[in-house]
Amino acid sequence: MPRFAANLSMLYTELPFLDRFEAAARDGFQGVEFLFPYSFPPEEIATRLRANGLHQVLFNAPPGGGDAPGFEAAWAGGQRGTAAVVGAEADFRTGVQWALRYAEALDCPRIHCMAGLLPEAASADQISAASSAYESNLRWAAAQAAAAGREVLIEPINPRDIPRFFLTRQDDAHAIVQKIGAPNLKVQFDLYHCQIVEGDVATKIRQYLPTGRVGHFQIAGVPERHEPDVGELNYPYLFKVIDEVAAACAWQGWVGCEYRPQRGAVPAGTTNGLGWLRRRATA
């Protein structure tokens, strides 16, 4: 049965970031993920993980910039990764090196490298150049991560949430992973993004999970990105599909809960919205 990880960038946001680890453990989570750890010393985060018996299962490489203040400024300024951004190769490499240092300190097996944005009204030549940069950067990142015993993940993201994002489709992501051929380069399969862009989510789970190219799942309700029991997707059915296919192919990964609680950033807002998880635990 796949294990669920709390996304601490979206859940428990009524609490200071470092207090969210304890809250997640108290609600029964065994793993956590988040966007970026770089505002905190890795030792401080590692202490929170150990104190609460939690596994760090995923976080993102920096979205741009060359140091911790630059990473924050890049995100605030709208940068959404550098892997497919022509001319940002130096920032990409710096970011991956930072991420791998944090991954070692946090004993985290995988990092996510966001693709980044295409130029406005990108021409065919600009898209081709971005594709070449993406492939080159991912080859380099996969090699660096392999030497450190880590995986690199790429994630298709819907263009409604992030307009002009370079990678939006599951088939494109898997084609890139196959082309590069690095065994530690995998796809981060977010069911929320997939439903918005493509639909047919259960079929895609059955298609892609047995390939060994899926490194991680993420979930949220569609379209509001609230709890998975709010919205158009039938998550009890999709969880059964994941269970069935994972058992058949011996997949033992994590499912990240990357959603915004419907109750908002209020005391116990996340906890009171976890009925879906409690029902799953007793099913």
Rounded to the nearest 0.05, what FRET efficiency is calculated for Ala248 and Val197 with R0 set to 22 Å and r the Cβ-Cβ distance? 0.25
Under 19 Å from the Glu22 label point (7 Å along Cα→beta-carbon), backbone N, the range 243-280: 266-272
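Give me the extension gain from Arg263 to Lys240: residue separation times 0.36 nm, minus the current Cα-Cα distance, reported in nm with one decimal.
5.6 nm
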As a check on your grasp of the helix formula, calculate [θ] at 222 nm for the chain: sum -39500 (n - 2.57) over DSSP H runs of n ≥ 4, divide by the residue count, round to the nearest 500. -12500 deg cm²/dmol
For the chain, what proportion of DSSP beta bridges, expressed in % and rounded to the nearest 5, is antiparallel? 5
Mind grabbing the base-10 log of I(q)/I(0) for the range 3-282 at q = 0.08, 0.12, 0.16 Å⁻¹? Debye formula, identical points on the C-alpha positions, no solvent, two decimal places. -0.31, -0.72, -1.37
Given the range 1-134, what percent of its DSSP beta bridges are antiparallel, to the nearest 5? 10
Tell me, in nm to one decimal, what length is gained between Arg206 and Ala148 on full extension, where the rule is 0.36 nm per residue of separation less the Cα-Cα distance? 17.8 nm
Taking 0.36 nm per residue of sequence separation and subtracting the Cα-Cα distance, how much length would be gained by fully extending the chain between Asp172 and Glu44, in nm to one decimal? 42.3 nm
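FYI, it's all coordinate maths here, none of it is from the lab. Owing to the predicted nature of the structure, the values given are computational and were not obtained by experimental measurement. Virtual Cβ from ideal backbone geometry, glycine too; neighbours counted across all protein chains shown.
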